[in-house]
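Derivation of every value follows stated rules applied to the coordinates shown; laboratory data play no part. Please read all numbers here as calculations on a predicted model, not as lab measurements.
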Amino acid sequence: MARALPETRCFELKRQLLRGCQVRVGAGTKIASSVRFMTGGPVEIGAATWIAPDGLFQGGTALISIGEQCDIAGRVTFATGSHERMGEGVRIAGPGYSTPIIVEDGCWIGTGAILLGGAHIGKSSIIAAGAVVRGVFPPESLIGGVPARLIGSSRPEP
């Protein structure tokens, strides 16, 4: 229903609609109408966060938690689900499982980044556009690449 609303307007109504779908959304958060929520697990989005068009939240039953005052660019994907690998002669994608994704306060995630289950991004970090992120990164990290790695500090140079 939120997708029928103007892309970058009616944010309070969108927050109310999402809350009715078990997505916890903090005050002042703005979510574009084309963002899709296709997950069986809880989603928590902190206050004063921006999520740009065409984002995707998908996966199993694990938590996706986005902190306060985060900026998430367009086409960012949060995918908590994966599969165990099976042996030879059997379908390679075995039983599914789901692991949480945590993005702490003040993070900036670039266009087209993909965060996979098990990603934990420390406070005030930056994820470069197109990065594929899994694993734990400390606060104030500059993260980029495929697969993503720590490439520096998010703190401005003096």
Q: Once you have the Cα-Cα distance between Ile151 and Ile92, take 0.36 nm times their residue separation minus that, and quote the gain in nm to one decimal.
A: 17.9 nm
Q: Output the antiparallel fraction of DSSP beta bridges having both residues in segment 2-148, as a percent to the nearest 5.
A: 10 percent
Q) 222 nm [θ] for the chain, helices only, -39500 (n - 2.57) per DSSP H run of 4+, per residue, to 500? A) -1500 deg cm²/dmol
**Q.** For the chain: rounded, prolate or oblate by the Cα gyration tensor [a/c cutoff 1.5]
**A.** oblate
Q) Length gain on complete extension for the stretch Val136 to Ala47, per 0.36 nm per residue less the alpha carbon to alpha carbon distance? A) 29.7 nm
